[in-house]
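Structure first, then comments.
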Amino acid sequence: MNKSRKLKKSWLNQYQKILYKIKTLETNKKNWEDQRDRITPIPTYFKYYTDDEIKRIPCFTKDDQVKNNMPPVIVHGSASKSAADIIIEILTIEDDIRSEISRSVRAQRLINDAIESLTDTDERNVLYEHYINGVPLIFMEMPYCYASVKSLHQSGIDHLKIKRSFKIKNNSPH
């Protein structure tokens, strides 16, 4: 495969890469939302004791607590995030999704314009199905055999002219 064809394929694949990143971000957002929904409110029935009061409190084991129907002792300092931290994560991911969607629209427009500039309609259809619709097995969708689709794909890549460059930038840490 020559260098020009490889660069064109890489350029055409950018739209599908952006769509994949959007799906990944949406899955990540769903996980954070699930974690947010599992948060229980912190109990507010704590009482602070003086040193003298602590000395007079009988020491109970866990079995004694269960037998006497006492509430469990809640220990703070867990590694889980607070509700506010989780909401900030969700909002950050939503911002990332919006920016990726706008990037995908720009990429789709540029790629679509490049594909539409082809004169052969069969080449156009093959490239459009493969790079815009993301159908990897085009020969199953179109009335052509595998060899014909491969030939149309190669000639379409050869005839394709890229007008403007569009580069993927990974700005988000997600």
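The values are calculated or read from the model by the stated rules, or taken from the named source; none is laboratory data. Remember, it's a predicted structure, so these values are computed and weren't measured experimentally. Cβ placement follows ideal geometry from the backbone for every residue including glycine, while neighbour counts extend to all protein chains displayed.
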Of all the helices (runs of 4 or more DSSP H) wholly in the stretch 1-93, which have at least 1 residues that are farther than 30 Å from Lys161 by Cβ, modelled with pLDDT under 90 and among the aliphatic types (A, V, I, L, M)?
51-56, 62-67
Failed item in (1) touching a helix residue (DSSP H, G or I) at 6+ places or on another chain (Cβ under 8 Å); (2) within 23 Å of Lys23 (Cβ to Cβ); (3) part of a helix (DSSP H, G or I); (4) at pLDDT below 90, with Arg103 passing the rest:
(4)
Anything in the stretch 106-140 that is in contact with a helix residue (DSSP H, G or I) (Cβ under 6 Å, 6 or more places away or on another chain), charged (D, E, K, R) and over 15 Å from Gln16 (Cβ atoms)? List them, or say none.
Asp122, Glu123, Arg124
